[in-house]
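Beneath this line is the structure, given in structure tokens, with notes to follow.
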Amino acid sequence: MLWEYLVIEKTLNSDKLNELGAQGWELVAVVSPGHFVLHYFFKRLLKE
């Protein structure tokens, strides 16, 4: 299995999270390296 990854470094609302989920992205982690900053890490199967 091969994966592709996506990192988004801004706050996402539920509509955007649902849109990414519909595209096959799975949220695997959310990290806050500083105040009011969120980094979202997603993965999905690589389409060959």
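Going by how many other Cβ atoms sit within 10 Å of their own, how do 46, 27 line up, fewest first?
46, 27
With +1 assigned to the C-beta of every Lys and Arg and -1 to the C-beta of every Asp and Glu, and no other charges, what is the dipole magnitude of the chain about the Cα centre in debye, to the nearest 20?
Using Cβ point charges on Lys, Arg, Asp and Glu, the chain gives about 40 debye.
Scan (1) -0.39, -1.18; (2) -0.35, -1.19; (3) -0.52, -0.99 for the value of log10 I(q)/I(0) by the Debye sum over Cα atoms at q = 0.14, 0.31 Å⁻¹ calculated from this model and give just the label.
(2)
Values quoted throughout were computed directly from the atomic coordinates according to the rules given, and no laboratory measurement underlies them. Just so it is clear, the structure is predicted and the values come from calculations on it, not from any experiment. Every residue, glycine among them, receives a Cβ derived from its backbone with ideal geometry; neighbour counts consider all protein chains shown.
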